Amino acid sequence: MDDVQRADAHPHGSPTSAWLTFALAFADSTRLCRHIRNARPEPAAVGALIQRYLDRQDDELHQVLAPLVGTAQMAELFSDATARRRDQALAWQAAEPNRHLLGMDHPAYPTLLQDTQDAPVLLYARGSLDALVYPLLAIVGSRKASRTALAHTREWSTTLASAGLGIVSGLALGIDAEAHEGALAAVAPAHGPTIAIAATPADRIYPTCHAHLAQRIIDNSGLILTEYALGTATRPWFFPQRNRIISGISLGVLVTQAALPSGTLTTATHAIDQGRDVMAVPGCVTDLQFRGCHALIKQGAALVEDARDVYDALGDPLQRALGRLRPHHELLAVPGQAPGHVSTQCVLALDDAELTRQERELLDTLTVRPATLDELMSQDGPGIAQLAAQLGMLEARGLIVFTTGGRYTRC
C-alpha cells in the first residue's frame, strides 16, 4: 500500500477520500451537507451515502442533491479536476505525520463542532490531534487592541492554559496573537495547548509575519485547523466565515476587547447561535475600543474581570470536561476533592525554587503590598507583555491572585 492509500484510511467512519471528494466537488459543500443531515443527522450515515454513490452502488445521493445543484454539478464528483485535487490533498497528508484530513465522521473531528448546523464537511489539520481532547476556550478580540487589553489577554491565556484548558483563536494580529502566545507561555505540567483556526488553506499562513508563531503552535503540541482546500485563493469573507469554527469547537468565547462595528462580534454571534457561553471584558465607558464588549454584556454576556470569572461562566461543562481529562493527566487531580472535581484555582503549583529572578522580585514586591499592572511597571523593568506573562505564571502557580479591584496580591 503506498503513502496516499494509507492516508485515505482511518479506523472508523467513511474513507477520507469520500469526504474530500464531496468537499472539493461542491463549493457550498457545508450547505449541502446540512441539507442531507436534515434527514440523516449522523455524520456516519452521510459519509456512507457519499461513499455508496462514489462506488456507484446506488444513486440516492443524486436524488437528494440533484434538485439543488443540477446534474452537471453532480458530475463534478467524478471529474478529473476533482480527482487531481483529491490526490494532491491525500499526498499532502501523507508527506508528514503531523498533517491530517478529518472527515466529519473521523474519530478526531471535534464533537462540539460536529453538532453545529454549519459544520465543515472536512478539516485540514497540522499538528497534534491530541489538542482536540482538551476542553477548549476561544479568546478573540480586536486586531488593533490597547496595550492593556493585549497584556490581560496574554496573562489570562497563560493562566487558563496552565489550568488545563486549550486556547482557541484565529492567528490574527492583536488579541488573537496574544491569546496564542499566552497559551504557549504556560509551563505547568499538563497545561492546555493552543489551536489556531485559519482563514487560509493549510499550505498558507496569514498574516505571513505569523508563520513562526504557527510553527511554534505545531511544535508545542498545538494545532492549525482550516476548512479551505489547498491552493484556494483567500477571500475577505473567509475570515468571518471561519469564526463559526472558532466558537464551534469551544465551550465558550471570551472577547477581551472589541469596538463597534467589529468582525470579532461575528464570533460571539455564532457562539450564541451554537448555544455557547459568551464572556466579555468591560472597559472605560468612554473608550470606543470596548463598545463591542459593552454591547455583548448588555445582551447578556458574562462580565469577566479575571480568569476565575471564566471558570464560573463555563461552570459544570468545564468541570466535567476537566474531570474526563483527569485520568490521562494525574496532575489535574485535586487531593481530597470528589472524583471529577477540578478546583477553580490552578492546582499545578510549582516550587518557589523554579522562579526566575524577576518573578522572585515581583513576588517580593507583592508580599509588601498589592499593586496594579501599571504600578508594577518600571523604566528599567520588563515590557508590559513580559510583565503580564510573569504575573500570569505566578498566578498559575497559585502564588498570587488578581483581585476584583484590579490589583495583584500575594496568596
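In table form, for the structure just shown:
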{"item": "Verdict on L77 being in contact (Cβ under 8 Å) with a residue 24 or more places away in the chain, within 20 Å of A202 (Cβ to Cβ) and either of a type outside the set (S, T, N, Q) or not in a loop (DSSP other than H, G, I, E, B) (or both)", "result": "no"}
{"item": "Count of residues meeting criterion [outside any helix (DSSP H, G or I) and crowded, with 24+ Cβ neighbours inside 10 Å] in region 235-248", "result": "0"}
{"item": "Filter pass, R52 being in contact (Cβ under 8 Å) with a residue 24 or more places away in the chain and buried (at least 16 other Cβ atoms within 10 Å of the Cβ)", "result": "no"}
{"item": "In region 290-315, the residues that are farther than 23 Å from F402 by Cα, of a type outside the set (K, R) and part of a helix (DSSP H, G or I)", "result": "G292, A295, L296"}
{"item": "Hits in region 223-234 (condition: more than 20 Å from W19 (Cα to Cα) and assigned to a loop (DSSP other than H, G, I, E, B))", "result": "A233, T234"}
{"item": "Scope region 288-321; condition free of Cβ contacts under 8 Å to residues at least 60 places away in the same chain and of a type in the set (D, E); matching residues", "result": "D309, D312, D316"}
{"item": "Test: residue in region 43-60 that is more than 12 Å from F26 (Cβ to Cβ), modelled with pLDDT of 95 or more and touching a Cys at 6+ places or on another chain (Cβ under 7 Å)", "result": "yes"}
{"item": "Residues of region 82-127 that turn out to be assigned by TED's automatic domain parsing to the domain that holds P41 and of a type in the set (S, T, Y), as a count", "result": "1"}
{"item": "Matching option when the condition is modelled with pLDDT under 95 and not charged (D, E, K, R), among A119, A190", "result": "A190"}
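The values are calculated or read from the model by the stated rules, or taken from the named source; none is laboratory data. Note that the coordinates shown come from a computational prediction; the quantities given were computed from them, not determined experimentally. Cβ atoms come from the backbone with ideal geometry, glycine included; neighbour counts cover every protein chain shown.
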